[in-house]
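The block underneath contains the structure these notes are about, expressed in C-alpha coordinates.
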Amino acid sequence: MQILSFLFEKHLEKTVLAVVMALSVFMLTRSEESQLNSARAVSSFLLYPVDKVEEYFNSLEELREENRELREIAVSLYQEQERMNQFRSERIRLRRLLEMREDSFFEFNACEVISRSSNRFHHSLTVDKGGAEGIRVGMAVVGYRGLAGRVTQVFPHSSRVMLLNNKSISVSCQDKRSRVIGILNWERGNLFRLDFIGREEDVLVGDTLLTSGLGRIFPQGFPVGTVFRVAEDRAELSLNVGVLSMMDLGILEELFIVTGGRDWDSDAVFEQLEAIMSKDSIRGM
Amino acid sequence: MYFVRTLIAACVVFVLQLTVVHRIAVGGASPDMMLILLVVLVLDRKPVAAVIIGFLLGYLQDLGNASFLGMNALAKSLVGYCIARFGGDYLPDNVIFRGVLIFSACLINDLVVLNISSSFNPFDVLTSFFRYSLISALYTVVVGILILKLLHLLPRRMVRQGGSY
(Lines give C-alpha, C1' and ligand atoms only; values in the text may rest on other atoms or scores of the structure.)
Protein backbone atom coordinates (compact mmCIF):
# COMPACT_ATOMS: atom_id res chain seq x y z
CA MET A 1 0.00 0.00 0.00
CA GLN A 2 2.82 2.32 0.85
CA ILE A 3 4.44 1.64 -2.48
CA LEU A 4 1.18 2.35 -4.30
CA SER A 5 0.70 5.51 -2.33
CA PHE A 6 4.29 6.52 -3.12
CA LEU A 7 3.81 5.82 -6.83
CA PHE A 8 0.29 7.10 -7.46
CA GLU A 9 -0.07 9.93 -4.98
CA LYS A 10 3.31 11.48 -4.47
CA HIS A 11 4.86 10.77 -7.89
CA LEU A 12 1.88 10.24 -10.18
CA GLU A 13 3.41 12.18 -13.08
CA LYS A 14 6.68 10.25 -13.04
CA THR A 15 4.86 6.93 -12.56
CA VAL A 16 2.61 7.55 -15.57
CA LEU A 17 5.62 8.65 -17.63
CA ALA A 18 7.56 5.53 -16.58
CA VAL A 19 4.64 3.23 -17.39
CA VAL A 20 4.10 4.81 -20.78
CA MET A 21 7.81 4.68 -21.62
CA ALA A 22 8.03 1.06 -20.45
CA LEU A 23 5.05 0.23 -22.66
CA SER A 24 6.68 1.95 -25.63
CA VAL A 25 9.98 0.13 -25.05
CA PHE A 26 8.10 -3.16 -24.71
CA MET A 27 6.42 -2.52 -28.08
CA LEU A 28 9.78 -1.63 -29.63
CA THR A 29 11.54 -4.75 -28.40
CA ARG A 30 9.01 -7.11 -29.93
CA SER A 31 9.83 -8.85 -33.20
CA GLU A 32 9.08 -6.97 -36.41
CA GLU A 33 6.42 -9.49 -37.37
CA SER A 34 4.52 -9.15 -34.12
CA GLN A 35 4.85 -5.34 -34.33
CA LEU A 36 3.30 -5.42 -37.79
CA ASN A 37 0.58 -7.84 -36.67
CA SER A 38 -0.42 -5.76 -33.68
CA ALA A 39 -0.35 -2.55 -35.77
CA ARG A 40 -2.53 -4.25 -38.35
CA ALA A 41 -4.95 -5.43 -35.67
CA VAL A 42 -5.24 -1.98 -34.08
CA SER A 43 -5.56 -0.27 -37.47
CA SER A 44 -8.28 -2.62 -38.60
CA PHE A 45 -10.11 -2.08 -35.29
CA LEU A 46 -9.85 1.71 -35.60
CA LEU A 47 -10.71 1.72 -39.29
CA TYR A 48 -13.58 -0.79 -38.94
CA PRO A 49 -16.33 1.87 -39.23
CA VAL A 50 -14.57 3.44 -42.23
CA ASP A 51 -14.22 0.01 -43.86
CA LYS A 52 -17.89 -0.72 -43.23
CA VAL A 53 -18.99 2.55 -44.81
CA GLU A 54 -16.67 1.98 -47.79
CA GLU A 55 -17.94 -1.60 -48.15
CA TYR A 56 -21.53 -0.33 -48.05
CA PHE A 57 -20.94 2.21 -50.82
CA ASN A 58 -19.00 -0.32 -52.92
CA SER A 59 -21.81 -2.85 -52.58
CA LEU A 60 -24.33 -0.16 -53.59
CA GLU A 61 -22.37 0.46 -56.76
CA GLU A 62 -22.15 -3.28 -57.47
CA LEU A 63 -25.89 -3.69 -56.84
CA ARG A 64 -26.68 -0.81 -59.16
CA GLU A 65 -24.55 -2.38 -61.88
CA GLU A 66 -26.09 -5.82 -61.30
CA ASN A 67 -29.56 -4.30 -61.34
CA ARG A 68 -28.87 -2.63 -64.69
CA GLU A 69 -27.63 -5.93 -66.16
CA LEU A 70 -30.60 -7.83 -64.78
CA ARG A 71 -33.00 -5.28 -66.30
CA GLU A 72 -31.39 -5.84 -69.68
CA ILE A 73 -31.70 -9.60 -69.24
CA ALA A 74 -35.30 -9.22 -68.08
CA VAL A 75 -36.22 -7.30 -71.22
CA SER A 76 -34.78 -9.96 -73.51
CA LEU A 77 -36.39 -12.70 -71.39
CA TYR A 78 -39.73 -10.96 -71.64
CA GLN A 79 -39.53 -11.04 -75.40
CA GLU A 80 -38.37 -14.64 -75.29
CA GLN A 81 -41.28 -15.46 -73.03
CA GLU A 82 -43.74 -14.06 -75.55
CA ARG A 83 -42.21 -16.29 -78.21
CA MET A 84 -42.28 -19.31 -75.89
CA ASN A 85 -45.93 -18.64 -75.05
CA GLN A 86 -46.77 -19.04 -78.71
CA PHE A 87 -44.76 -22.27 -78.92
CA ARG A 88 -46.42 -23.55 -75.76
CA SER A 89 -49.91 -22.95 -77.09
CA GLU A 90 -48.98 -24.60 -80.35
CA ARG A 91 -47.41 -27.56 -78.54
CA ILE A 92 -50.46 -28.09 -76.33
CA ARG A 93 -52.73 -27.90 -79.36
CA LEU A 94 -50.66 -30.38 -81.35
CA ARG A 95 -50.34 -32.83 -78.42
CA ARG A 96 -54.11 -32.75 -77.97
CA LEU A 97 -54.59 -33.36 -81.68
CA LEU A 98 -52.27 -36.38 -81.46
CA GLU A 99 -53.99 -37.52 -78.24
CA MET A 100 -50.64 -37.72 -76.39
CA ARG A 101 -50.54 -37.95 -72.59
CA GLU A 102 -50.14 -34.77 -70.51
CA ASP A 103 -46.55 -34.07 -69.45
CA SER A 104 -45.03 -31.52 -67.13
CA PHE A 105 -42.09 -29.20 -66.58
CA PHE A 106 -40.28 -28.57 -63.38
CA GLU A 107 -40.73 -26.57 -60.25
CA PHE A 108 -37.63 -25.43 -58.39
CA ASN A 109 -36.89 -24.51 -54.81
CA ALA A 110 -33.86 -22.20 -54.58
CA CYS A 111 -31.42 -22.96 -51.78
CA GLU A 112 -27.99 -21.93 -50.56
CA VAL A 113 -25.06 -24.15 -49.64
CA ILE A 114 -24.35 -23.88 -45.92
CA SER A 115 -21.60 -26.48 -45.52
CA ARG A 116 -19.49 -28.92 -47.49
CA SER A 117 -18.24 -32.36 -46.62
CA SER A 118 -14.50 -32.55 -46.08
CA ASN A 119 -14.26 -36.15 -47.33
CA ARG A 120 -12.18 -36.30 -50.52
CA PHE A 121 -14.09 -39.22 -52.04
CA HIS A 122 -17.58 -38.65 -50.74
CA HIS A 123 -18.49 -35.21 -52.03
CA SER A 124 -21.62 -33.87 -50.48
CA LEU A 125 -22.92 -30.60 -49.16
CA THR A 126 -25.68 -29.28 -46.97
CA VAL A 127 -28.25 -26.79 -48.20
CA ASP A 128 -30.54 -24.50 -46.20
CA LYS A 129 -33.87 -26.06 -47.24
CA GLY A 130 -35.37 -29.16 -45.63
CA GLY A 131 -38.51 -31.14 -44.96
CA ALA A 132 -40.39 -28.07 -43.73
CA GLU A 133 -39.94 -26.51 -47.18
CA GLY A 134 -41.19 -29.62 -48.99
CA ILE A 135 -37.85 -31.22 -49.76
CA ARG A 136 -37.84 -35.03 -50.00
CA VAL A 137 -35.10 -37.65 -50.33
CA GLY A 138 -34.29 -38.45 -53.96
CA MET A 139 -35.08 -35.03 -55.41
CA ALA A 140 -32.65 -33.86 -58.08
CA VAL A 141 -30.51 -30.80 -57.42
CA VAL A 142 -29.45 -28.51 -60.25
CA GLY A 143 -27.43 -25.36 -60.67
CA TYR A 144 -27.65 -22.54 -63.19
CA ARG A 145 -25.97 -24.62 -65.87
CA GLY A 146 -27.00 -28.19 -65.17
CA LEU A 147 -27.33 -31.17 -62.88
CA ALA A 148 -25.39 -31.08 -59.59
CA GLY A 149 -26.60 -34.05 -57.53
CA ARG A 150 -29.51 -35.40 -55.52
CA VAL A 151 -30.92 -35.12 -52.02
CA THR A 152 -29.87 -38.05 -49.82
CA GLN A 153 -30.91 -36.91 -46.36
CA VAL A 154 -33.57 -34.47 -45.23
CA PHE A 155 -33.69 -32.61 -41.92
CA PRO A 156 -36.39 -30.13 -40.85
CA HIS A 157 -34.59 -27.06 -42.22
CA SER A 158 -31.63 -28.44 -44.13
CA SER A 159 -30.80 -31.27 -46.50
CA ARG A 160 -27.72 -33.20 -47.48
CA VAL A 161 -27.02 -33.32 -51.20
CA MET A 162 -24.78 -35.99 -52.71
CA LEU A 163 -22.96 -34.46 -55.65
CA LEU A 164 -22.35 -36.10 -59.01
CA ASN A 165 -18.63 -36.44 -58.28
CA ASN A 166 -19.16 -39.59 -56.20
CA LYS A 167 -18.19 -43.11 -57.07
CA SER A 168 -21.57 -44.29 -55.81
CA ILE A 169 -23.60 -42.14 -58.22
CA SER A 170 -24.32 -43.09 -61.81
CA VAL A 171 -26.48 -40.99 -64.11
CA SER A 172 -28.27 -42.25 -67.17
CA CYS A 173 -27.49 -39.69 -69.89
CA GLN A 174 -28.51 -39.02 -73.43
CA ASP A 175 -26.56 -37.32 -76.20
CA LYS A 176 -28.59 -34.20 -77.06
CA ARG A 177 -27.67 -34.44 -80.76
CA SER A 178 -27.73 -38.16 -81.52
CA ARG A 179 -29.96 -39.37 -78.61
CA VAL A 180 -27.42 -42.11 -77.75
CA ILE A 181 -27.82 -43.26 -74.15
CA GLY A 182 -25.01 -44.17 -71.75
CA ILE A 183 -24.20 -44.26 -68.05
CA LEU A 184 -22.16 -41.43 -66.61
CA ASN A 185 -19.63 -42.25 -63.89
CA TRP A 186 -17.25 -39.95 -62.03
CA GLU A 187 -13.50 -40.15 -62.67
CA ARG A 188 -11.88 -37.17 -60.89
CA GLY A 189 -12.49 -33.46 -60.32
CA ASN A 190 -15.13 -32.33 -62.82
CA LEU A 191 -14.29 -35.14 -65.26
CA PHE A 192 -16.63 -38.05 -65.93
CA ARG A 193 -16.73 -41.13 -68.16
CA LEU A 194 -19.69 -42.15 -70.28
CA ASP A 195 -19.90 -45.95 -70.17
CA PHE A 196 -21.69 -48.51 -72.32
CA ILE A 197 -21.28 -46.61 -75.60
CA GLY A 198 -20.75 -49.04 -78.45
CA ARG A 199 -17.95 -48.47 -80.99
CA GLU A 200 -20.49 -47.79 -83.72
CA GLU A 201 -22.50 -45.27 -81.69
CA ASP A 202 -22.60 -41.62 -82.79
CA VAL A 203 -20.90 -39.57 -80.06
CA LEU A 204 -18.67 -36.62 -80.98
CA VAL A 205 -16.46 -34.22 -79.08
CA GLY A 206 -18.50 -31.15 -78.14
CA ASP A 207 -21.81 -33.01 -77.80
CA THR A 208 -23.96 -32.04 -74.84
CA LEU A 209 -25.27 -34.74 -72.52
CA LEU A 210 -28.69 -34.49 -70.91
CA THR A 211 -30.29 -36.64 -68.24
CA SER A 212 -32.30 -39.34 -69.98
CA GLY A 213 -34.90 -39.75 -67.24
CA LEU A 214 -34.50 -43.54 -67.42
CA GLY A 215 -34.68 -45.23 -64.05
CA ARG A 216 -36.61 -42.21 -62.76
CA ILE A 217 -33.73 -41.23 -60.49
CA PHE A 218 -33.05 -37.93 -62.23
CA PRO A 219 -35.71 -36.09 -64.25
CA GLN A 220 -35.29 -35.92 -67.99
CA GLY A 221 -33.68 -33.10 -69.91
CA PHE A 222 -31.17 -31.47 -67.54
CA PRO A 223 -27.74 -30.72 -69.04
CA VAL A 224 -25.01 -32.76 -67.36
CA GLY A 225 -21.81 -32.26 -69.29
CA THR A 226 -19.96 -31.84 -72.57
CA VAL A 227 -18.04 -34.59 -74.36
CA PHE A 228 -14.36 -33.64 -74.55
CA ARG A 229 -12.79 -36.96 -75.53
CA VAL A 230 -13.91 -39.85 -77.74
CA ALA A 231 -11.31 -42.59 -78.13
CA GLU A 232 -11.47 -46.09 -79.46
CA ASP A 233 -9.97 -48.70 -77.21
CA ARG A 234 -8.81 -51.71 -79.23
CA ALA A 235 -9.17 -54.07 -76.32
CA GLU A 236 -12.70 -52.94 -75.56
CA LEU A 237 -15.92 -53.11 -77.51
CA SER A 238 -17.04 -49.73 -76.30
CA LEU A 239 -15.87 -46.17 -76.85
CA ASN A 240 -13.86 -44.34 -74.25
CA VAL A 241 -15.92 -41.15 -73.81
CA GLY A 242 -14.70 -38.40 -71.49
CA VAL A 243 -17.18 -35.82 -70.23
CA LEU A 244 -16.61 -32.48 -68.56
CA SER A 245 -19.31 -31.54 -66.09
CA MET A 246 -21.46 -28.49 -66.90
CA MET A 247 -21.23 -27.37 -63.30
CA ASP A 248 -17.97 -26.69 -61.49
CA LEU A 249 -18.77 -29.04 -58.64
CA GLY A 250 -16.04 -27.57 -56.46
CA ILE A 251 -17.54 -24.07 -56.12
CA LEU A 252 -21.28 -24.48 -55.71
CA GLU A 253 -23.03 -21.72 -53.77
CA GLU A 254 -26.63 -21.47 -54.94
CA LEU A 255 -28.61 -24.47 -56.11
CA PHE A 256 -32.15 -25.40 -57.05
CA ILE A 257 -33.92 -28.49 -55.81
CA VAL A 258 -36.35 -29.94 -58.36
CA THR A 259 -39.39 -30.28 -56.16
CA GLY A 260 -41.83 -31.57 -58.74
CA GLY A 261 -43.52 -31.16 -62.04
CA ARG A 262 -46.02 -28.56 -63.11
CA ASP A 263 -48.59 -28.86 -65.84
CA TRP A 264 -47.78 -27.13 -69.08
CA ASP A 265 -51.18 -25.49 -68.87
CA SER A 266 -50.36 -23.84 -65.54
CA ASP A 267 -49.74 -20.12 -65.96
CA ALA A 268 -48.40 -19.51 -62.46
CA VAL A 269 -44.81 -18.91 -63.48
CA PHE A 270 -45.77 -16.58 -66.32
CA GLU A 271 -48.15 -14.63 -64.11
CA GLN A 272 -45.34 -14.28 -61.57
CA LEU A 273 -42.95 -13.07 -64.26
CA GLU A 274 -45.49 -10.60 -65.63
CA ALA A 275 -46.09 -9.23 -62.13
CA ILE A 276 -42.36 -8.62 -61.73
CA MET A 277 -42.09 -6.99 -65.13
CA SER A 278 -45.07 -4.69 -64.55
CA LYS A 279 -43.62 -3.68 -61.15
CA ASP A 280 -40.32 -2.89 -62.90
CA SER A 281 -41.98 -0.83 -65.60
CA ILE A 282 -43.95 1.17 -63.01
CA ARG A 283 -40.68 1.88 -61.15
CA GLY A 284 -38.99 2.89 -64.40
CA MET A 285 -41.72 5.45 -65.29
CA MET B 1 -17.52 17.16 -26.97
CA TYR B 2 -13.95 18.32 -26.42
CA PHE B 3 -12.75 14.71 -26.64
CA VAL B 4 -14.57 14.18 -29.95
CA ARG B 5 -13.12 17.43 -31.33
CA THR B 6 -9.64 16.39 -30.24
CA LEU B 7 -10.07 12.96 -31.79
CA ILE B 8 -11.26 14.46 -35.08
CA ALA B 9 -8.39 16.95 -35.04
CA ALA B 10 -5.91 14.12 -34.37
CA CYS B 11 -7.31 12.07 -37.26
CA VAL B 12 -7.26 15.04 -39.66
CA VAL B 13 -3.69 15.92 -38.72
CA PHE B 14 -2.67 12.27 -39.01
CA VAL B 15 -4.12 12.09 -42.52
CA LEU B 16 -2.39 15.39 -43.41
CA GLN B 17 0.89 14.05 -42.04
CA LEU B 18 0.59 10.93 -44.20
CA THR B 19 -0.67 12.54 -47.39
CA VAL B 20 0.22 16.24 -47.68
CA VAL B 21 3.30 16.90 -45.57
CA HIS B 22 5.79 15.11 -47.84
CA ARG B 23 4.58 17.25 -50.74
CA ILE B 24 5.63 20.46 -48.98
CA ALA B 25 9.05 19.14 -47.96
CA VAL B 26 11.96 21.54 -48.50
CA GLY B 27 15.39 19.95 -48.98
CA GLY B 28 14.18 16.70 -47.44
CA ALA B 29 12.85 18.49 -44.34
CA SER B 30 9.15 18.51 -43.62
CA PRO B 31 7.09 19.85 -40.72
CA ASP B 32 5.89 17.42 -38.04
CA MET B 33 2.17 18.17 -37.86
CA MET B 34 1.60 15.64 -35.10
CA LEU B 35 4.11 17.47 -32.95
CA ILE B 36 2.36 20.79 -33.54
CA LEU B 37 -0.94 19.16 -32.57
CA LEU B 38 0.72 17.76 -29.46
CA VAL B 39 2.03 21.21 -28.47
CA VAL B 40 -1.41 22.76 -29.04
CA LEU B 41 -3.17 20.06 -27.03
CA VAL B 42 -0.86 19.80 -24.01
CA LEU B 43 0.32 23.39 -23.56
CA ASP B 44 -1.93 24.14 -20.59
CA ARG B 45 -2.47 20.62 -19.31
CA LYS B 46 -1.19 18.65 -16.38
CA PRO B 47 1.81 16.37 -17.11
CA VAL B 48 -0.23 13.14 -16.64
CA ALA B 49 -2.73 14.14 -19.33
CA ALA B 50 0.11 15.41 -21.52
CA VAL B 51 1.98 12.09 -21.30
CA ILE B 52 -1.14 10.12 -22.20
CA ILE B 53 -2.04 12.45 -25.09
CA GLY B 54 1.57 12.26 -26.32
CA PHE B 55 1.55 8.47 -26.13
CA LEU B 56 -1.74 8.18 -28.03
CA LEU B 57 -0.70 10.62 -30.75
CA GLY B 58 2.67 8.89 -31.10
CA TYR B 59 1.03 5.49 -31.24
CA LEU B 60 -1.34 6.74 -33.93
CA GLN B 61 1.68 7.96 -35.88
CA ASP B 62 3.40 4.60 -35.37
CA LEU B 63 0.42 2.81 -36.91
CA GLY B 64 1.22 4.64 -40.15
CA ASN B 65 4.69 3.04 -40.18
CA ALA B 66 4.72 -0.03 -37.99
CA SER B 67 8.35 -1.07 -38.46
CA PHE B 68 9.26 0.78 -35.21
CA LEU B 69 5.99 0.40 -33.32
CA GLY B 70 6.36 2.36 -30.07
CA MET B 71 9.09 4.73 -31.27
CA ASN B 72 6.92 7.80 -31.79
CA ALA B 73 4.80 6.84 -28.79
CA LEU B 74 7.91 6.96 -26.62
CA ALA B 75 9.21 10.19 -28.15
CA LYS B 76 5.89 12.02 -28.06
CA SER B 77 5.03 10.98 -24.50
CA LEU B 78 8.42 12.29 -23.39
CA VAL B 79 7.91 15.52 -25.35
CA GLY B 80 4.37 15.86 -23.96
CA TYR B 81 5.71 15.52 -20.44
CA CYS B 82 8.46 18.09 -21.04
CA ILE B 83 6.05 20.63 -22.56
CA ALA B 84 3.53 20.29 -19.74
CA ARG B 85 6.19 20.27 -17.03
CA PHE B 86 8.43 23.07 -18.23
CA GLY B 87 6.51 24.83 -21.01
CA GLY B 88 3.04 26.19 -20.37
CA ASP B 89 3.44 27.61 -16.87
CA TYR B 90 6.98 28.94 -17.14
CA LEU B 91 7.14 30.43 -20.63
CA PRO B 92 5.38 33.70 -21.43
CA ASP B 93 2.52 33.55 -23.94
CA ASN B 94 4.14 35.16 -26.97
CA VAL B 95 5.19 34.08 -30.44
CA ILE B 96 8.92 33.83 -29.79
CA PHE B 97 8.60 31.60 -26.76
CA ARG B 98 5.99 29.42 -28.42
CA GLY B 99 8.41 29.08 -31.33
CA VAL B 100 11.23 28.13 -28.97
CA LEU B 101 8.95 25.58 -27.34
CA ILE B 102 8.04 23.93 -30.65
CA PHE B 103 11.68 24.01 -31.75
CA SER B 104 12.84 22.31 -28.53
CA ALA B 105 10.02 19.77 -28.75
CA CYS B 106 11.08 18.92 -32.31
CA LEU B 107 14.68 18.43 -31.31
CA ILE B 108 13.82 16.18 -28.33
CA ASN B 109 11.45 14.19 -30.50
CA ASP B 110 14.04 13.80 -33.27
CA LEU B 111 16.79 12.81 -30.86
CA VAL B 112 14.68 9.95 -29.51
CA VAL B 113 13.48 8.89 -32.96
CA LEU B 114 16.95 9.04 -34.54
CA ASN B 115 18.55 7.08 -31.70
CA ILE B 116 15.98 4.29 -31.95
CA SER B 117 15.87 4.14 -35.74
CA SER B 118 19.69 4.10 -36.05
CA SER B 119 20.10 1.62 -33.14
CA PHE B 120 21.94 4.25 -31.03
CA ASN B 121 24.70 4.75 -33.60
CA PRO B 122 26.12 8.19 -32.64
CA PHE B 123 27.54 8.93 -36.10
CA ASP B 124 24.22 8.30 -37.85
CA VAL B 125 22.34 10.20 -35.19
CA LEU B 126 24.53 13.28 -35.43
CA THR B 127 24.64 13.22 -39.23
CA SER B 128 20.86 13.02 -39.55
CA PHE B 129 20.35 15.49 -36.73
CA PHE B 130 22.41 18.25 -38.31
CA ARG B 131 21.34 17.41 -41.82
CA TYR B 132 17.56 17.18 -41.38
CA SER B 133 16.39 17.73 -37.81
CA LEU B 134 17.43 21.37 -37.45
CA ILE B 135 15.79 22.39 -40.75
CA SER B 136 12.72 20.27 -39.98
CA ALA B 137 12.46 21.87 -36.56
CA LEU B 138 12.64 25.37 -38.07
CA TYR B 139 10.06 24.43 -40.68
CA THR B 140 7.81 22.99 -37.95
CA VAL B 141 8.19 26.19 -35.93
CA VAL B 142 7.04 28.32 -38.88
CA VAL B 143 4.01 26.09 -39.58
CA GLY B 144 3.28 25.76 -35.84
CA ILE B 145 3.27 29.52 -35.25
CA LEU B 146 0.93 30.00 -38.21
CA ILE B 147 -1.43 27.39 -36.78
CA LEU B 148 -1.29 28.93 -33.30
CA LYS B 149 -2.07 32.33 -34.80
CA LEU B 150 -5.00 30.85 -36.70
CA LEU B 151 -6.30 29.24 -33.51
CA HIS B 152 -6.17 32.60 -31.74
CA LEU B 153 -8.34 34.03 -34.50
CA LEU B 154 -11.06 31.43 -33.86
CA PRO B 155 -14.17 32.50 -31.88
CA ARG B 156 -13.62 32.15 -28.14
CA ARG B 157 -16.18 29.37 -27.67
CA MET B 158 -14.17 27.11 -29.99
CA VAL B 159 -10.98 27.73 -28.01
CA ARG B 160 -10.54 26.12 -24.61
CA GLN B 161 -9.87 28.19 -21.52
CA GLY B 162 -6.19 29.11 -21.56
CA GLY B 163 -5.90 29.26 -25.30
CA SER B 164 -5.54 25.59 -26.25
CA TYR B 165 -7.97 24.19 -28.77
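The values are calculated or read from the model by the stated rules, or taken from the named source; none is laboratory data. Here the structure is a predicted model, which means the values were calculated and not measured. Here the Cβ positions follow ideal geometry from the backbone for every residue, glycine too, while neighbour counts run over all protein chains shown.
Of all residues in the range B:81-114 being under 13 Å from the mean Cα position of the chain (by Cα) and among the polar types (S, T, N, Q), which is farthest from the other protein chains (Cβ to nearest Cβ)?
Per the criteria, the residue is B:SER104.
Hey, among A:ARG145, A:ARG136, A:ARG179, which residue is part of a loop (DSSP other than H, G, I, E, B) and on the phi > 0 side of the Ramachandran plot?
None of the others qualify; the one that does is A:ARG179.
Considering each of B:LEU78, B:LEU7, B:LEU35, B:LEU41 in turn, give the residue that is crowded, with 19+ Cβ neighbours inside 10 Å and within 11 Å of another protein chain (Cβ to nearest Cβ). Steps first, please.
On the way: B:LEU7 fails: crowded, with 19+ Cβ neighbours inside 10 Å; B:LEU35 fails: within 11 Å of another protein chain (Cβ to nearest Cβ); B:LEU41 fails: within 11 Å of another protein chain (Cβ to nearest Cβ).
From the options B:LEU78, B:LEU7, B:LEU35, B:LEU41, the qualifying one is B:LEU78.
Can you say whether B:LEU60 is at the interface with another protein chain (Cβ under 8 Å from one of its Cβ atoms) and in contact (Cβ under 8 Å) with a residue 40 or more places away in the chain, as far as the supplied structure shows?
Considered against the rule, which asks whether it is at the interface with another protein chain (Cβ under 8 Å from one of its Cβ atoms) and in contact (Cβ under 8 Å) with a residue 40 or more places away in the chain, B:LEU60 comes out as no.
Which helices (runs of 4 or more DSSP H) sit wholly inside the range B:1-103 and have at least 3 residues that are of a type in the set (Ser, Thr, Tyr)? Lay out the reasoning, then the answer.
On the way: elements: B:2-19, B:33-42, B:47-64, B:71-82.
In the range B:1-103, the matching helices (runs of 4 or more DSSP H) lie at B:2-19.
Kindly list the number of the only condition in (1) among the polar types (S, T, N, Q); (2) surrounded by 15 or more Cβ atoms within 10 Å (Cβ to Cβ); (3) within 14 Å of another protein chain (Cβ to nearest Cβ) that fails for B:SER119.
Condition (2) is where B:SER119 drops out.
Just to be sure I understand, how many residues within the range A:1-25 are facing chain B (nearest Cβ under 7 Å) and either loosely packed, with under 13 Cβ neighbours inside 10 Å or over 27 Å from B:ALA66 (Cα atoms) (or both)?
2
Among the residues of the range A:37-51, is any more than 30 Å from B:ALA49 (Cα to Cα) and within 14 Å of chain B (Cβ to nearest Cβ)?
no
Identify, by number, the condition in (1) at negative phi; (2) within 14 Å of another protein chain (Cβ to nearest Cβ) that B:GLY70 doesn't meet.
Looking at each condition in turn, B:GLY70 falls short on (1).
Residue under question is A:SER34, and the condition is that it be within 14 Å of chain B (Cβ to nearest Cβ), closer than 16 Å to B:LEU69 by Cα, in contact with a Leu (Cβ under 6 Å, 6 or more places away or on another chain) and assigned to a helix (DSSP H, G or I); does it hold?
Details: within 14 Å of chain B (Cβ to nearest Cβ): yes; closer than 16 Å to B:LEU69 by Cα: yes; in contact with a Leu (Cβ under 6 Å, 6 or more places away or on another chain): no; assigned to a helix (DSSP H, G or I): yes.
Criteria not met by A:SER34.
Evaluate the range A:38-55: report whether one residue or more is at pLDDT below 85, of a type in the set (Phe, Trp, Tyr) and not in a strand (DSSP E or B).
yes
Among the residues of the range A:196-243, count how many are of a type in the set (Lys, Arg) and within 20 Å of A:VAL161 (Cα to Cα).
1
Under 6 Å between Cβ atoms, at least 6 apart or on separate chains: pull out the pairs that start in the range A:39-56 with a residue that is within 24 Å of B:ASN72 (Cβ to Cβ) and surrounded by 10 or more Cβ atoms within 10 Å (Cβ to Cβ) and end on any residue that is modelled with pLDDT under 80 and not charged (D, E, K, R).
A:ALA39/B:ALA66
Of the residues A:LEU77, A:LEU28, only one is facing chain B (nearest Cβ under 10 Å) and in a helix (DSSP H, G or I); which?
Matching residue, one of A:LEU77, A:LEU28: A:LEU28.
If we keep just the residues of the range B:13-32 that are within 14 Å of the chain's Cα centre (by Cα) and without any contact (Cβ under 8 Å) to a residue 24 or more places away in the chain, which is nearest to the other protein chains (Cβ to nearest Cβ)?
Of all residues in the range B:13-32, those within 14 Å of the chain's Cα centre (by Cα) come to B:13-14, B:16-17, B:21, B:30-32.
Next, only the ones that are without any contact (Cβ under 8 Å) to a residue 24 or more places away in the chain stay: B:16, B:21.
On the way: B:LEU16: 17, B:VAL21: 19 Å.
Here the residue is B:LEU16.
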